[in-house]
Amino acid sequence: MSDMVSEVLGQTKDAEEQFSSTEIKIVTVGLGGAGCNIVNRLIKVGVKGTEFIAVNTDAQHFKIIDERIKKVLIGKTLTRGLGAGGDPNLGAKAAEMDRQALENIFSGAQIAFLCCGMGGGTGTGSIPIAAQIAKEQGAIVVAMVTYPFDLERVRKVKAEEGIQKLRNFSDSVIILDNNRLVKLVPNLPMNDAFALADEVMAKAIGGLVWTITQPSLINIDFADVRSIMGGGGVGFIAVGSGKGTDKVGLAAESVLKNRLLDVDFEGASGALIHISGGASMTIGDAIKAGEIITERMDQKANIKWGARLMPGYDDQIEIVAIVCGVKGASIVGHLGEKKEAQYSDLEMVG
């Protein structure tokens, strides 16, 4: 392991052995229908280096989930496999009833990615409990969740409450706001917008897992994830791509514009930046892209980038940035003073 890894993990032999790259166990768990769809997309696009688990109260939904994904039905005696009916309380009870099954999922994991569409029943109710269990097992817990459309008023209230609970047990909660997605691609049909949200999360998780577990042009390792996302608060995903002679500049500027949470890079405490490119991409290209993206961030921000060469990318560069520890108002938007104060500790912008 590198000297930096040794330093971060306490410079002890035991730490080096426990967290060596060959031994790191990463689990990616989708909770509820939307979460299961995300892990389904991840495995279909060929992401390797992580175990995939789909957790749901709806047995029927498992029929469309890839057979390579482990499926865990929770709360069977409570919901009879028919789902939580949009009730987060039922989702939470289902998770508590099958706590042992969830403990088995996270046993021995160093990194746990939890995926969920906030605002429903199963995912919203069960993801804070799953995060708590993963945290108790010693994992770095990174929740990647979607936030409902403005028109989904009841779901927004549930999502806000669920995010507040989730933050208590997660190292970082990375939020993809569906409203922001609509502003960036307003003409997409709603189903396509959901699919795009899944794809963005798949790229973020897939790229990060790849650079942790596979040899790359520039690697991100476990120590990087722990130092940047451990206690990283709320964050967001930004994506961009570019082609041609100025592909690096175009891709980096695109990332700055395509933030999937309405908050700026300024003041962020850290970022993991993953860059994919063709055979012509150089280390200089990767460094330049990282410099453009992070120049507006806090001077003391903890930043790490990874880069990999991808067959078929030719003269294209694609960048996914996971930005942590953003500051600002609550994601719930313009609320009354009483409710604004209630959520002020979320440090999110909507």
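None of the figures in this text is laboratory data; all of them are computed from the coordinates on show. This is a predicted model, so every value here is computed, not measured. All Cβ positions, even for glycine, are placed from backbone atoms using ideal geometry, and neighbour counts span all protein chains on display.
Calculated mean residue ellipticity at 222 nm for the chain: -12500 deg cm²/dmol, from DSSP H runs with n ≥ 4 weighted as -39500 (n - 2.57), summed, divided by the residue count and rounded to 500. Could you tell me whether segment 161-289 comes out rounded, prolate or oblate from its Cα gyration tensor? Rule is a ≥ b ≥ c as square roots of the eigenvalues, rounded for a/c under 1.5, then prolate if a/b exceeds b/c, otherwise oblate. Verdict is oblate for segment 161-289.
For the chain, excluding the exposed loop sites themselves (GluC sites (Glu not before Pro), DSSP loop, at most 16 other Cβ atoms within 10 Å), the longest remaining stretch covers 153-265. Computed from phi, the 3J(HN,Hα) profile of segment 233-247 under the Karplus parametrisation 6.51, -1.76, 1.60 (θ = phi - 60°) reads x, 9, x, 8, 10, 10, 10, x, 8, x, 9, x, 5, 10, 4 Hz, with x in place of Gly and Pro. Around the Cα centre of segment 234-324, unit charges on the Cβ atoms of Lys, Arg, Asp and Glu (plus for the first two, minus for the last two) sum to a dipole of about 180 debye. Taking other C-beta atoms within 10 angstrom as a stand-in for reagent exposure, SER126, SER172 fall in the order SER172, SER126, fewest first.
A prolate overall shape is assigned to segment 234-324, the ratio a/c of its alpha-carbon gyration tensor axes (a ≥ b ≥ c) being 1.5 or greater and a/b exceeding b/c.
When you filter the trypsin sites (Lys or Arg not before Pro) in segment 70-177 for DSSP loop state and at most 13 other Cβ atoms inside 10 Å of their Cβ, you are left with ARG80. When only Cα pairs below 8 angstrom with a gap of at least 6 residues are kept, the chain shows a relative contact order of 14 percent.
Rg then Dmax, both in Å and based on the Cα atoms of the chain: 19.3, 60. The length gained by stretching the chain between ALA101 and LYS25 to full extension, at 0.36 nm per residue less their Cα-Cα distance, is 25.6 nm. Result for the chain in a Gaussian network model with C-alpha springs under 10 Å: among ASN187, ASN258, ASN104, the largest mean-square fluctuation is at ASN187. If you sort the three axes of the alpha carbon gyration tensor as a ≥ b ≥ c, you get a/c of 1.5 or more for segment 36-135 and a/b no higher than b/c, which makes it oblate.
Using a Förster radius of 22 Å, what is the FRET efficiency between MET310 and GLU253 based on their Cβ-Cβ separation? Nearest 0.05, please. The computed FRET efficiency comes out at 0.60. Over 19 Å between Cα atoms, which of LYS93/LYS158; LYS25/LYS165; LYS93/LYS165; LYS25/LYS48; LYS300/LYS327; LYS71/LYS135 qualify? Exceeds cut-off: LYS25/LYS165; LYS71/LYS135. Residues TYR147, TYR313 in ascending order of nearby Cβ atoms (within 10 Å, fewest first): TYR313, TYR147.
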